[in-house]
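The values are calculated or read from the model by the stated rules, or taken from the named source; none is laboratory data. For clarity, every value in this text was computed on a predicted model and none was experimentally measured. Quick reminder, even Gly has a Cβ in these numbers, built from the backbone with ideal geometry, and neighbours come from all protein chains shown.
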Amino acid sequence: MKITDVLLKKKFIEFKYSYGISSASFTGEYFLVLKLIGEDGVFGLSDSVTSIPFGYEDVGTMTYIIKNYLFPAIEGMDSFDMEAIERKMAQATPGHPMAKAAINIALHDLNAKILGLPLYQLLGGKYYESVGMVGAVGISNTERMIREAHEFVQNGCKTIKMKIGTDPQTDLERVREVRNIIGKDVAFRVDANQGCNLNEYMPIFRKMESCDLEFLEQPLPVWDLDGYKKLCAALDMPILIDEGVYTPHDLLTLIKLEAVDAVNIKILKTGLTGGKQIAAIAESAGLPCLVGSMFETSIGTAASLHFALSTRNVTHTSECGFPTVLKEDVIEEDIYSELSESYTWDVPDGIGLGVHLKSTMDLSLVSVKEECDQK
């Protein structure tokens, strides 16, 4: 089916509570909602979010790139010519992976709707029945972080993810206290979002190993490839890479350098096509994967769940639960606002992504083609 238009809307959504990482604390964020239109009116949805400060794209840059480069490059193409569309977008502009991912996800939703299938059927079929979720603890004060971790476990959560990366000794103390309060039977991973210095933190990381951490995620700046190689060689706990992998090329570089032990795939960065490629490369190299969250709305959560359900190498508990933090959402269904007692999401129902935009959001979308025609 020919691609005829793309509609966009920028929206700020407040969070129910503040969420801190090593470089910032968030009380809300700007999101991008995208609707890709086919010639008979069938459409595909996707969303994205500002990735600064841990990434380099925001809603404004993505909107500009989609309007001026990506949509003009693929307008009139058949939505099923996915390889050709990927090449056209690559030729239109280097970089901007999140803008391209938004188009890629919407294309998958569009094509699944045309075929009358749930999206996971286009991605390889259902490999898992459900997707497990972590309890995510952001950086705040130590008392609150310990309380949140304990509450997650009391409510049935089996995996805790905690943010670190502000101060070596404080981080160590928090890791020890949280491990003590959640007990030894709960999986526990930490994420520094590039906030650590190798020389300062190496002794701390060695001490953290006694806390039986499942993963140490993105501790160093993404450019410190030599540092990651040293960490992988020196530590027993696996080094999980997130911000350092946007493309299959990124992962191949890390594998060659022996600077990665596991991969956190976020499809708002990679798209569904790129995510599948990354998962396959990781599996070939013997590296496990999980599916992460980028503050997405329920649109991105649904897409992430379809991906996780259909990808064999997603072997660890995923993190696709951010709509539970949002004060409002952009879809009609109230399906991702609260986690179940089992801390799992079931297979999304319906064709395509299985979600529908709120009418107020749908009416506020702006046509790229109409704007271009008016110039």
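Annotations for the structure displayed:
- Within the set S304, S359, the sole residue that is surrounded by 23 or more Cβ atoms within 10 Å (Cβ to Cβ) and out of contact with any Leu (no Cβ under 7 Å at 6 or more places or on another chain) turns out to be S304.
- Odd one out for G132, checked against (1) surrounded by fewer than 14 Cβ atoms within 10 Å (Cβ to Cβ); (2) modelled with pLDDT under 95: (1)
- Helices (runs of 4 or more DSSP H) fully within region 163-243 that include at least 1 residues being among the polar types (S, T, N, Q): 168-182, 198-208.
- Selection within region 173-197 - among the basic types (K, R) and surrounded by fewer than 20 Cβ atoms within 10 Å (Cβ to Cβ): R176, K184
- When we screen Y69, Y56, Y127 for residues that are without any contact (Cβ under 8 Å) to a residue 12 or more places away in the chain, at negative phi and hydroxyl-bearing (S, T, Y), the only hit is Y56.
- Some residue of region 41-53 being of a type in the set (S, T, Y) and either free of Cβ contacts under 8 Å to residues at least 12 places away in the same chain or in a helix (DSSP H, G or I) (or both): no
- Among the candidates K369, K276, K269, the residue that is touching a residue at least 24 places away in the same chain (Cβ under 8 Å), outside any loop (DSSP other than H, G, I, E, B) and assigned by TED's automatic domain parsing to the domain that holds F43 is uniquely K369.
- Taking the criterion of being surrounded by fewer than 21 Cβ atoms within 10 Å (Cβ to Cβ) and outside any helix (DSSP H, G or I), the residues of region 54-83 that qualify are F54, G55, Y56, D58, E75, G76, M77, D78, F80, D81.
- Positions within region 115-144 being outside any strand (DSSP E or B) and either touching an Asp or Glu at 6+ places or on another chain (Cβ under 9 Å) or within 30 Å of I164 (Cα to Cα) (or both), in sequence order: L119, E129, V134, G138, I139, S140, N141, T142, E143, R144
- Residue in region 307-315 that is closer than 24 Å to T63 by Cα and either surrounded by fewer than 21 Cβ atoms within 10 Å (Cβ to Cβ) or among the hydroxyl-bearing types (S, T, Y) (or both) present: no
- Per the conditions (1) crowded, with 21+ Cβ neighbours inside 10 Å; (2) touching a Leu at 6+ places or on another chain (Cβ under 8 Å), the sole criterion not satisfied by T253 is (1).
- Looking across region 318-355, the residues that are under 20 Å from the mean Cα position of the chain (by Cα) and either exposed (fewer than 15 other Cβ atoms within 10 Å of the Cβ) or of a type in the set (S, T, Y) (or both) come down to S318, T324, K327, E328, Y336, S337, E338, Y343, T344, D346.
- Which listed residue, of E57, E29, E14, is touching a His at 6+ places or on another chain (Cβ under 7 Å), under 30 Å from D171 (Cα atoms) and either of a type outside the set (S, T, Y) or assigned by TED's automatic domain parsing to the domain that holds K266 (or both): E57
- Top-ranked residue in region 261-313 [being polar (S, T, N, Q) and within 10 Å of the chain's Cα centre (by Cα); ranked as nearest to I335 (Cα to Cα)]: T301
- Cβ-Cβ under 8 Å pairs, at least 6 apart or on other chains, region 1-30 side more than 16 Å from L326 (Cβ to Cβ), far side assigned to a strand (DSSP E or B) and of a type in the set (S, T, Y): D5/S367; V6/S367; L7/S367; S25/S18; S25/Y19
- Checking I164, I160, I204 one by one, the residue that is surrounded by 17 or more Cβ atoms within 10 Å (Cβ to Cβ), in contact (Cβ under 8 Å) with a residue 24 or more places away in the chain and in contact with a Pro (Cβ under 6 Å, 6 or more places away or on another chain) is I204 and no other.
- Yes/no for P323 being assigned to a helix (DSSP H, G or I), in contact with a helix residue (DSSP H, G or I) (Cβ under 6 Å, 6 or more places away or on another chain), of a type outside the set (F, W, Y) and under 19 Å from L45 (Cα atoms): yes
- If you filter region 84-104 down to residues that are β-branched (V, I, T) and more than 13 Å from I37 (Cα to Cα), you find that the one that is surrounded by the most Cβ atoms within 10 Å (Cβ to Cβ) is I85.
- Exactly one residue out of A136, A99 is among the small types (G, A, S) and in the same structural domain as D58 (by TED's automatic domain parsing), and it is A99.
- Counted residues, region 32-43 - those being surrounded by 20 or more Cβ atoms within 10 Å (Cβ to Cβ) and either of a type in the set (G, A, S) or not assigned by TED's automatic domain parsing to the domain that holds H108 (or both): 1
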